[in-house]
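S.K.: This structure is in structure tokens; I'll ask about it shortly.
The values are calculated or read from the model by the stated rules, or taken from the named source; none is laboratory data. For clarity, every value in this text was computed on a predicted model and none was experimentally measured. In this analysis, Cβ positions are derived from the backbone assuming ideal geometry, glycine residues included, and neighbour counts consider all displayed protein chains.
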Amino acid sequence: MNRSLAAACGWLSLLLLAAAASGCAGAASKEKPAEAQIALIAPQRSGALADSIRLGAEAAAKEYGSQLLYMDANVSDSGEEGQLKAAQRAIALGASVLLLDPDSEQQLRLIAAEAGKAGASVVTLNDTYPVEGVASSISINNREAGRMAGEAMAELLHGKGIVSLLGSDSAAPGYEQRELGVVEALGRHKEITVHTGYSCGSSPDGCAEAARLLMEQADGVVALQEQGVLSTAQETVKRGLSSRVKIVGFGSEVPQLELLQDGIIDILVVQSGFNAGYLGMQQAHELLEGGHADRTVTLDTKVVNPDSMFWMDNQKLLFPFVK
Amino acid sequence: MFRLEMPGWIKQKLRKSRVSSIQSIVIWSFSIMIVVAITTVAVLLHEKFSASTERSAFLAARQTVDQVSYNLEDYISGMAGFYRAIEVNMLKNGEWDGQQVDKQLDTLMGSRDDIVSITLFDSGGKLLKNRPAAALRPSANATGQGWFQAAVRVPDHLSFSLPHIQNLYKGSYQWVVSMSKRITVVRDGQPQEVILLVDMNFKQIDELCSRISLGHRGYAYIIDEGAGNIVYHPQQQLIYMGLKSENVEQALVASSDYVEDMNGNKRLITVKSVANIGWKIIGVSYMDDILTSREEVNRYLVRVVAGVLVLVVLVSMLLAMSIVRPIKRMERTMRAVERGNFDVELPVEGPLEVERLSRRFNLMIHKIRQLMKQIVQEQESKRKHELEALQAQINPHFLYNTLNSVVRMAAMSRGEEVVTMITSLSKLFRISLSKGQNVISARDELEHAHHYLVIQQMRFGRKFRFSITATEEAEACMTPKIVLQPLIENAIEHGLEYSVEEGTIDISADVVDGMLVFRIEDNGAGMDSVKAALLLHGASVPDAGREPSATGKGSGVAVRNIHDRIRLYYGAPYGLEFKSELEEGTVVWVRMPAIKEVDDHE
């Protein structure tokens, strides 16, 4: 083979290689989203919020053409570490982004460490724990939500009375912020006295106990956590005080909504789990594409009362289409 | 200016890189031609293909949306029928109490799982009857609800509400579409206005819409044709929160498909009205999603083009080689000719043109060979003639000396000797002439030598003796004439002339191994081996012309001429051989092929 022949062959094979390479590259980029996996790790306690998060995440997964693994953390033998175990399973299945509403800071820390080892990213929903290794947090502005609740309470009491604050025993920074917000808003009204220091967790008994304690002399109760709202409302019903004690709370669980419709709960500050799931998925997709995820994404909150809860738009927020 | 220089520069570069060779011209032009052809075909095919995939994608989207719309329409009209059945069963006689009616209603409800509740109100919103029987929530404000107001507004018209949350009863909140109608019944003889509400689960409609398949990411949503409200959207929370928006206005007025650009995403919007409920289904398909087949076609075409390219390159290489190979062979052969090898021949094969060219080349080489042979022959014969002409020259010196000797002898009245000498001289000349023949018999040649020796013997006063012996066979052989005489002259002049003692010259002729061999031996002064070697490899013909033999110094040239002459006649293996030693003498062998004397010799 002489030189020109060799040169010709060289050029043509280069051309071919280039063509093949571009073809392959095209194919690879096309199939990438289907291969990469995003796992949504359920909280151990399921509820309306968790359901809407899932719906939102699934909607986004469909829109972005991503694959969504739903990891159930509510497995009988998993104990306190349900989410961690679910996260480990997800990583083993090849998930490269973990989406979760963390049950506790400790679990999130362990999960973030685990994910870091496997090269996976973590996106948290509904809370902003100060944990290293979380790529993005989707959350409402809890301070602002607290202020909204405080203002609503002040309005209900016409700026005068005693308000008890039923806090949370969880160390999650979100609840602290809410509390600060509530106190801040109520503090603007000179004739309103705020009693803080009560708190309860997610157990109905504990919350009922706390509700009984703070019920004594309060004109209004602001409860920061779903169970607290429910227990307070039930306590007022039990005591026949429901017309006198105003209740402002957070959450959009079905029992809360029923109590809201019946006027026992006066105001609920609601966040959209669907949007949290959707935006979390959006950030996860961004991470998968190699882009830069926003460190924090802030969600809007809405204030609903018994009158406005069945407004068409609020219906859509409060009652997701559960399949 | 630069532009003007470009072509020359390119040309030079091209020449340098041998792009102008036939092989590369064939490969490049063939490859480029095929690639251009394939690419053109591929592009045309691709256009055609993608246009048709686009069409079919549009059609598929339209069909899907149409299908959903028909399903929805069917579903709604089925529901309306169901509503009528309830109406008939419940309100036939204005009698809705009693187990009979309950049973009928339960049967009806049991036939469908998408009916949430059947409720009958009076015009003041008071509950008259419901199925399944359950207490109304105290907070349920029936008269304030949309479906109630719609029923009150238009009597005897079945109105469908937008999907909403049913909040009349305790228990789970469900998304329902309410069918309501104000009906006047006669109960206990009195006309009474009642409002019949049938709530159907929205799940069914939701499923109809969410099952829709418009590519991977596509979806459908429903708007209310009256006000343009979004009735249903798979992501309605996002829309409510302002995280997503739909171009409802355009969809509302559109009557056919259109493509919109939403945040850089091209989307195909397919609209279809659902007549009986006043809704409009809007199908949203992402163009890059439904047209994935276009990319598949692209990839396929790229692969095909690449494959064909490889094939084309291989074929064109083979083609080019088959054209170029005979040309290269020709070039190699020509180079051989250039180096002086004329004994080459090109095989006459390959394409017609090459075959012709090879044949012409062979003819040319053949002609060159012939011409060369002719030239060699001409040169040889020219030289032969030259040598012969030289040889034939009678040395005037010799004649003059001989005649002088004869005169001297005659003066001394040595008549006998004069006779002998003149006779020998005359015979010498006769043989020298030989009727113009160049080749004579060895016998004659030996006789010629004999006469020459006799003359010289007499001239030199019998200073030497000589003997001539020859076999019969040798005598019968042919030899170029006057081969021996210069050698003898040499022997006498260099070997014997200055010798003190009596010299001898012995000449013999014999046939050895098919060769005629003359041997001339003298016992003269002899010479050293350098001089002997110089005799054969020294000066050439032109010098011979200047230096006649028998003058002493130049006699080497004559010897050389004999050698050359024999070799010209008979070839390289023949000629002279010297063996000489100083003060001992010299032996000369003259060899040539033994060729028998022909009969017509006379």
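S.K.: For the range B:270-286, enumerate the residues that are more than 14 Å from chain A (Cβ to nearest Cβ) and either surrounded by fewer than 18 Cβ atoms within 10 Å (Cβ to Cβ) or under 53 Å from the mean Cα position of the chain (by Cα) (or both).
M.R.: Selection gives B:Ser273, B:Ala275, B:Asn276, B:Gly278.
S.K.: Give just the number: which of (1) touching a Leu at 6+ places or on another chain (Cβ under 7 Å); (2) not assigned by TED's automatic domain parsing to the domain that holds A:Gly116 does A:Val131 not satisfy?
M.R.: Result: A:Val131 passes all but (2).
S.K.: Can I ask one more? Run down B:Lys48, B:Lys16, B:Lys11 and say which single residue is at pLDDT 80 or above and basic (Lys, Arg).
M.R.: Exactly one of B:Lys48, B:Lys16, B:Lys11 is at pLDDT 80 or above and basic (Lys, Arg), namely B:Lys48.
S.K.: Could you figure out which of (1) without any contact (Cβ under 8 Å) to a residue 60 or more places away in the chain; (2) more than 12 Å from chain B (Cβ to nearest Cβ); (3) under 24 Å from A:Gly167 (Cβ atoms) isn't true of A:Lys302?
M.R.: Every listed condition holds for A:Lys302 apart from (2).
S.K.: Has the range A:64-84 got at least one residue that is within 14 Å of chain B (Cβ to nearest Cβ), assigned to a helix (DSSP H, G or I) and modelled with pLDDT under 60?
M.R.: No: the range A:64-84 contains no residue that is within 14 Å of chain B (Cβ to nearest Cβ), assigned to a helix (DSSP H, G or I) and modelled with pLDDT under 60.
S.K.: Related question: Can you pull out the residues in the range B:426-476 that are closer than 21 Å to B:Thr504 by Cβ, surrounded by fewer than 18 Cβ atoms within 10 Å (Cβ to Cβ) and among the hydrophobic types (A, V, I, L, M, F, W, C)?
M.R.: Of everything in the range B:426-476, those that are closer than 21 Å to B:Thr504 by Cβ, surrounded by fewer than 18 Cβ atoms within 10 Å (Cβ to Cβ) and among the hydrophobic types (A, V, I, L, M, F, W, C) turn out to be B:Phe460, B:Ile468.
S.K.: Among the residues of the range B:294-316, are any away from chain A (no Cβ under 14 Å) and either surrounded by 15 or more Cβ atoms within 10 Å (Cβ to Cβ) or free of Cβ contacts under 8 Å to residues at least 60 places away in the same chain (or both)?
M.R.: no
S.K.: Hey, can you tell me all the residues within the range B:230-251 that are of a type in the set (S, T, N, Q) and at the interface with another protein chain (Cβ under 8 Å from one of its Cβ atoms)?
M.R.: Selection gives B:Gln235, B:Gln236, B:Gln237.
S.K.: Something else about it: Which numbered condition in (1) outside any strand (DSSP E or B); (2) more than 14 Å from every other protein chain (Cβ to nearest Cβ) is the only one that A:Ile247 fails?
M.R.: Status for A:Ile247: all satisfied but (1).
S.K.: Can you report the number of residues in the range A:275-299 which are buried (at least 20 other Cβ atoms within 10 Å of the Cβ), more than 8 Å from every other protein chain (Cβ to nearest Cβ), of a type outside the set (A, V, I, L, M, F, W, C) and under 17 Å from the mean Cα position of the chain (by Cα)?
M.R.: 4
S.K.: If you take just the strands (runs of 3 or more DSSP E) that sit entirely in the range B:50-167, which of them hold at least 1 residues that are farther than 29 Å from B:Ile223 by Cβ?
M.R.: Output list reads B:115-122, B:127-131.
S.K.: In the range B:124-146, which residues are of a type in the set (Ser, Thr, Tyr) and either at pLDDT below 85 or under 21 Å from B:Arg84 (Cβ atoms) (or both)?
M.R.: B:Ser139, the sole residue that qualifies.
S.K.: Could you identify the single residue in A:Ala218, A:Ala210 that is over 28 Å from A:Arg54 (Cα atoms), part of a loop (DSSP other than H, G, I, E, B) and among the hydrophobic types (A, V, I, L, M, F, W, C)?
M.R.: Step by step, each of A:Ala218, A:Ala210 is checked, and only A:Ala218 is over 28 Å from A:Arg54 (Cα atoms), part of a loop (DSSP other than H, G, I, E, B) and among the hydrophobic types (A, V, I, L, M, F, W, C).
S.K.: Among the listed residues B:Leu352, B:Leu371, identify the single one that is free of Cβ contacts under 8 Å to residues at least 12 places away in the same chain and exposed (fewer than 10 other Cβ atoms within 10 Å of the Cβ).
M.R.: Result of the check over B:Leu352, B:Leu371: B:Leu352.
S.K.: Residues in the range A:267-274: is at least one facing chain B (nearest Cβ under 9 Å), assigned to a loop (DSSP other than H, G, I, E, B) and buried (at least 20 other Cβ atoms within 10 Å of the Cβ)?
M.R.: Yes, the range A:267-274 contains a residue that is facing chain B (nearest Cβ under 9 Å), assigned to a loop (DSSP other than H, G, I, E, B) and buried (at least 20 other Cβ atoms within 10 Å of the Cβ).
S.K.: Are any of the residues in the range B:161-177 at pLDDT 85 or above and away from chain A (no Cβ under 14 Å)?
M.R.: No: the range B:161-177 contains no residue that is at pLDDT 85 or above and away from chain A (no Cβ under 14 Å).
S.K.: May I ask you to list the residues in the range B:344-355 that are under 12 Å from B:Ile327 (Cα atoms) and outside any loop (DSSP other than H, G, I, E, B)?
M.R.: Passing the criteria: B:Glu353, B:Val354, B:Glu355.
S.K.: Residue pairs, Cβ under 9 Å, 6 or more apart or interchain, first in the range A:174-203 and of a type in the set (Lys, Arg), second part of a helix (DSSP H, G or I). List them.
M.R.: A:Arg178/A:Asn142; A:Arg178/A:Arg143; A:Arg178/A:Ala145; A:Arg178/A:Gly146; A:Arg178/A:Ala149; A:Arg188/A:Gly150; A:Arg188/A:Glu151; A:Arg188/A:Ala154
S.K.: For the list (1) in a loop (DSSP other than H, G, I, E, B); (2) within 23 Å of the chain's Cα centre (by Cα); (3) within 14 Å of chain B (Cβ to nearest Cβ); (4) hydrophobic (A, V, I, L, M, F, W, C), I need the number of the one condition that A:Leu260 fails.
M.R.: It is condition (1) that A:Leu260 fails.
S.K.: Turning to a different aspect of this structure: Where residues in the range A:251-266 are among the β-branched types (Val, Ile, Thr) and surrounded by fewer than 24 Cβ atoms within 10 Å (Cβ to Cβ), which of them is modelled with the lowest pLDDT?
M.R.: A:Val254
S.K.: Mind listing just one residue for me: the one in the range A:275-304 that is of a type in the set (A, V, I, L, M) and outside any helix (DSSP H, G or I) and, of those, farthest from A:Ala223 (Cα to Cα)?
M.R.: A:Ala293
S.K.: How many residues does the range B:46-69 contain that are surrounded by fewer than 18 Cβ atoms within 10 Å (Cβ to Cβ), more than 26 Å from B:Arg299 (Cβ to Cβ) and among the hydroxyl-bearing types (Ser, Thr, Tyr)?
M.R.: Matching residues across the range B:46-69 total 0.
S.K.: Right, something else. Could you please give the count of residues in the range B:219-229 that are within 9 Å of another protein chain (Cβ to nearest Cβ) and at pLDDT below 85?
M.R.: 1
S.K.: Now for a separate question. Mind checking whether some residue in the range B:252-269 is more than 8 Å from chain A (Cβ to nearest Cβ) and in a helix (DSSP H, G or I)?
M.R.: Yes, the range B:252-269 has at least one match.
S.K.: Follow-up question, since we're still on this one. Residue by residue through the range B:110-135, note down the ones that are surrounded by fewer than 17 Cβ atoms within 10 Å (Cβ to Cβ) and of a type in the set (Lys, Arg).
M.R.: Listed by number, the residues that qualify are B:Arg112, B:Lys126.
S.K.: Now a separate question. Looking at this structure, is B:Ala544 within 60 Å of the chain's Cα centre (by Cα), at pLDDT below 85 and at negative phi?
M.R.: No; evaluated as a whole, the condition is false for this residue.
S.K.: If you don't mind, there's one more thing I want to ask. May I ask you to list pairs of residues, at least six apart or on different chains, whose Cβ atoms are under 7 Å apart, with the first in the range A:142-165 being surrounded by fewer than 24 Cβ atoms within 10 Å (Cβ to Cβ) and the second being of a type in the set (Lys, Arg)?
M.R.: Listed by first residue and then by second, the contacts come to A:Leu156/A:Lys246; A:Leu157/A:Lys246.
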